[in-house]
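Here is the structure we will look at, set down as structure tokens.
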Amino acid sequence: MSIIRLSYLSSCLIVLLAVLSSCYQGSDSKNNFDVNRLSLQDSINKINLSIKKIRNDSNSLQTTLEQSLSSNDKINQLVLYRSLGDLHLKNFHFTSAIKSHGEYLKLSEELADSLQIVKALNVLAIDYRKTYQMDIAIRYSFRARKIADNLQNSDTAILREKALTLNGIGWIYSMLEYADEARNSFRQSYHYAERANDTDLLADNLMGIGVAYRQFQNGARLNIFLFWEAQCEAGQLSGSAHFPEQCLQHLKRDKRQNKLDGGMFYHRKYAQKTRTICRS
């Protein structure tokens with residue numbers, strides 16, 4: 001009996017050790033990922049400092065990029081393609097911006113860095129959003145969100161990128177006039193931007209929420225207009241001459257009036273946040 005009990009305890013111990021071993025391996029794997037990501041980010045920061053003086057000179061950036069291509073320096077290429085794409089976007093050269101940011105994405109995937117991939121997807125989504133190619137912008141934004149959701153909120157860079165992802169989705173929804181979805185995305189983005197202490201994104205999200213409320217207001221008024229127009233056509237109102245006043249009264253009674261008023265509240269908050277940024 002004691003032999004059986006000893007065998008049973010030994011089996012339990014082996015299982016326990018196996019579980020603990022897998023936990024430590026998982027922890028080591030996560031730690032290695034964090035170390036590798038921070039190491040890459042350090043390199044990126046150093047390269048960004050080295051090209052600071054030529055950041056607004058596309059010719060100099062292109063020359064430096066060609067040198068990094070000949071030396072097969074992937075991290076330099078990553079930074080330079082991103083910088084070139086950003087400069088082209090700033091100058092409204094959208095085709096060139098998309099091309100450079102596309103190379104930035106390829107290198108991010110080659111280096112297997114999830115944060116850089118999210119950043120690349122976000123800038124490409126902005127490129128396509130600026131050119132009103134919303135179907136493509138949506139694909140990039142939602143792909144960025146899927147990857148970002150799996151990132152731990154371990155530092156400001158990740159929190160900011162999550163905020164930027166949701167902000168981009170908010171503007172896509174806003175441009176497509178999905179007011180409720182836009183407002184929800186902006187609010188989620190605001191939550192991450194607040195944790196990242198990014199005042200620019202905070203202000204932009206407040207602006208987006210205000211725009212979404214205004215879109216809701218216009219949609220509500222259109223729905224009410226169509227309702228009263230149908231009532232007039234059905235002969236349930238005395239005549240079209242009574243429509244404006246009836247519509248106004250219905251709008252005032254509408255339970256969603258608090259949502260109609262909400263737009264101005266968020267626009268005021270946006271103005272306050274913008275003044276804070278200007279003073280800082």
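Please treat every number below as a calculation from the coordinates, not as lab data. What you see is a predicted model; the values in this text were computed from it and never measured. FYI the Cβ positions are ideal-geometry reconstructions off the backbone, even for glycines, and counts take in every protein chain you see.
Tabulated data for the structure shown
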| quantity | calculated |
| --- | --- |
| For the range 91-140, alpha-carbon Rg relative to the globular expectation (2.2 N^0.38 Å, N residues) | 1.09 |
| Sequence ranges 154-160, 96-102, ranked by mean other-Cβ count within 10 angstrom, highest first | 96-102, 154-160 |
| The range 36-88, Rg to Rh (Cα coordinates; Rh as Kirkwood inverse mean 1/r) | 0.96 |
| Computed magnitude of the charge dipole of the range 55-173 (debye, nearest 20; Cβ of K, R +1, Cβ of D, E -1) | 380 |
| Prolate/oblate/rounded call for the range 43-177, Cα gyration tensor, a/c under 1.5 rounded | oblate |
| Extension reserve of the Asn48-Asn91 stretch, reckoned as 0.36 nm per residue once the Cα distance is removed | 13.5 nm |
